[in-house]
Amino acid sequence: MTDDAAAPGATGDTPAAAPAGTPPMISIRKVDKHFGALHVLRDINLEVPRGQVVIVLGPSGSGKSTLCRTINRLEPIDSGEIAVDGVPLPAEGKALAALRADVGMVFQSFNLFAHKTILDNVMLAPLKVRKLKKDEARKQAEALLERVGIADQADKYPAQLSGGQQQRVAIARALAMNPKVMLFDEPTSALDPEMVNEVLEVMVALAKEGMTMVVVTHEMGFARRAGDRVLFMADGQVVEDAEPETFFTAPKSDRAKDFLGKILSH
Ligand SMILES: Nc1ncnc2c1ncn2[C@@H]1O[C@H](COP(=O)(O)OP(=O)(O)OP(=O)(O)O)[C@@H](O)[C@H]1O
Ligand SMILES: [Mg+2]
């Protein structure tokens with residue numbers, strides 16, 4: 001993206017259009033990152049207005065996961081700046097922990113605590129990090145489990161749930177921190193096909209409520225339905241930045257055409 005004003009969705013068509021002068025929810029400027037000699041993020045510039053749902057697409061190894069992980073500093077960057085809701089990400093320490101709590105993340109693997117019940121999984125971070133009282137944390141966790149459609153599983157352990165249910169718990173757990181931004185890195189790619197939709201439904205609902213979301217996914221139906229914007233990455237760069245319909249019907253670059261040809265053909 002070269003011109004901020006041209007960013008799709010930056011013109012006030014997002015669910016939670018912010019008043020003029022409000023900082024973008026995510027701001028990434030001139031970010032570079034290497035893994036050794038490998039240049040994985042090359043001069044990434046990106047502004048995500050609040051409420052926008054950004055779909056990140058691209059071939060394997062193009063840097064999608066790394067980009068997500070830098071947004072909450074799971075990965076440090078070599079240079080550049082990342083700010084969430086106008087606050088630059090500090091390198092480390094308490095301030096980083098606080099900012100990290102503003103950014104919820106859901107991965108391909110659910111990473112639930114196996115020896116804790118579903119309810120305890122969702123209550124844990126609010127108790128430890130947000131210092132909520134136990135009653136409050138429990139009430140909130142119950143409400144979140146209700147919201148993702150698994151209130152009746154609260155007292156079970158993760159292994160007793162299906163993959164789709166576990167992923168919905170992972171979403172509830174991330175939401176329990178009241179994040180400003182939710183990052184999803186291929187949240188449905190480890191799921192059996194019949195469980196994909198139940199997870200996507202939860203994400204669609206979240207998008208409709210105005211959550212700012214960055215979603216790495218190859219689920220094209222979801223991208224078209226819930227996405228405000230598609231970023232297509234290749235070799236650590238954002239190669240295309242367009243509205244989903246535009247991207248899917250008229251990709252500009254050969255890389256994107258090639259990529260779409262491959263994923264749409266299976
Ligand atoms: N911790 C790491 N150490 C070294 N190299 C890494 C590390 N993490 C990722 N890489 C490399 O960085 C590049 C980008 O990886 P990344 O995981 O961001 O790609 P991706 O677009 O998410 O790919 P995929 O679609 O396969 O998930 C790849 O070449 C990968 O091998
Ligand atoms: Mg990845």
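Quick notes
- Test: residue in the stretch 96-115 that is over 21 Å from I26 (Cβ atoms), buried (at least 17 other Cβ atoms within 10 Å of the Cβ) and more than 14 Å from ligand 1 (Cβ to nearest atom): yes
- Meets criteria (within 10 Å of ligand 2 (Cβ to nearest atom) and crowded, with 17+ Cβ neighbours inside 10 Å) for S60: no
- Taking the conditions (1) within 16 Å of ligand 2 (Cβ to nearest atom); (2) outside any helix (DSSP H, G or I); (3) among the small types (G, A, S); (4) touching a residue at least 40 places away in the same chain (Cβ under 8 Å) in turn, G104 satisfies each one other than (1).
- Among the residues of the stretch 69-95, those that are touching a residue at least 40 places away in the same chain (Cβ under 8 Å), closer than 19 Å to M25 by Cβ and in a strand (DSSP E or B) comprise G80, E81, I82, A83, V84.
- Only one of V53, V40 that is more than 13 Å from ligand 1 (Cβ to nearest atom), among the aliphatic types (A, V, I, L, M) and in contact (Cβ under 8 Å) with a residue 24 or more places away in the chain: V53
- Considering residues of the stretch 65-77 that are at pLDDT below 90 and surrounded by fewer than 20 Cβ atoms within 10 Å (Cβ to Cβ) only, the residue farthest from ligand 1 (Cβ to nearest atom): R73
- Residue list for the stretch 231-255, filter: within 20 Å of V40 (Cα to Cα), β-branched (V, I, T) and away from ligand 2 (no atom under 16 Å from the Cβ): V239
- Every pair of residues 6+ apart whose Cβ atoms lie under 6 Å, when the first sits in the stretch 165-193 and is within 16 Å of ligand 2 (Cβ to nearest atom) while the second is among the hydroxyl-bearing types (S, T, Y): D185/S65
- The set of residues from the stretch 78-104 being on the phi > 0 side of the Ramachandran plot and modelled with pLDDT of 90 or more comprises G80, D85, G86.
- Residues that are surrounded by 15 or more Cβ atoms within 10 Å (Cβ to Cβ) and out of contact with any helix residue (DSSP H, G or I) (no Cβ under 7 Å at 6 or more places or on another chain) were ranked within the stretch 185-200; the one that is nearest to Q52 (Cα to Cα) is E186.
The values are calculated or read from the model by the stated rules, or taken from the named source; none is laboratory data. Keep in mind that this is a model prediction, so the values were computed, not measured. Quick reminder, even Gly has a Cβ in these numbers, built from the backbone with ideal geometry, and neighbours come from all protein chains shown.
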